[in-house]
1. Given the criterion modelled with pLDDT under 90 and either within 25 Å of the chain's Cα centre (by Cα) or part of a helix (DSSP H, G or I) (or both), identify the matching residue among Arg85, Arg99, Arg46, Arg7.
2. Which condition breaks for Ala129 when tested against (1) among the small types (Gly, Ala, Ser); (2) modelled with pLDDT of 90 or more; (3) surrounded by 15 or more Cβ atoms within 10 Å (Cβ to Cβ)?
3. Need the failing condition index for His112 against (1) under 30 Å from Arg5 (Cα atoms); (2) of a type outside the set (Ser, Thr, Tyr); (3) not in a helix (DSSP H, G or I), just the number.
Amino acid sequence: MAKFRYRMQSILNIKYQLETQAKMELGKAQMALNEEQEKLQKLIDRKAAYLEEGRRMRENAISVNDLRDNRNAVLIMDELIVAQRIEVAKAAEVVELARQKLTEIMQERKMHEKLKEKALIQFMEEEKAAEAKVVDELTSYTYGQRGKENGNGDGSDEYGHAAPD
């Protein structure tokens with residue numbers, strides 16, 4: 001039996017490599033998103049700490065400068081939080097693009113795998129047909145030889161039936 005060789009195996013191998021790369025890119029993008037989200041959470045926590053510090057300052061008798069500094073720190077944290085939310089949104093967009101790219105590459109790979117399966121099925125059917133043909137030829141030859149051995153020089157069997165061609 002002949003060995004099956006998929007003629008587009010090199011393309012399928014490339015699809016596997018592209019899929020692996022896309023998975024790695026998605027992983028990196030997801031890590032970057034997580035880092036940006038952690039930065040955002042730290043800024044939010046820092047703002048909450050400043051707000052809590054401002055409440056404590058108002059409860060105790062302290063200077064106006066300390067209160068003003070605290071209020072400025074809170075305002076700066078608000079600006080930093082807005083900027084960080086933009087960075088988180090950008091990172092989330094990168095993750096989504098990487099996810100879409102991975103999905104597309106996986107679909108292409110699956111398509112090539114299905115083509116390979118169909119080619120294998122067709123190959124197996126052709127091999128089966130070729131094997132059946134060989135068996136038929138062998139049977140015909142054997143049948144014809146049996147007729148010759150029985151003394152019928154014309155290739156017919158002992159009953160006078162002609163051997164198939």
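1. Details: Arg85 fails: modelled with pLDDT under 90; Arg99 fails: modelled with pLDDT under 90; Arg46 fails: modelled with pLDDT under 90.
Only one candidate passes the filter, namely Arg7.
2. It fails just one condition, (3).
3. Every condition holds for His112 apart from (3).
The values are calculated or read from the model by the stated rules, or taken from the named source; none is laboratory data. This one's a predicted model, so the numbers in the text were calculated from it and none came from an experiment. Backbone-built Cβ (ideal geometry, glycine too); neighbour counts: all protein chains shown.
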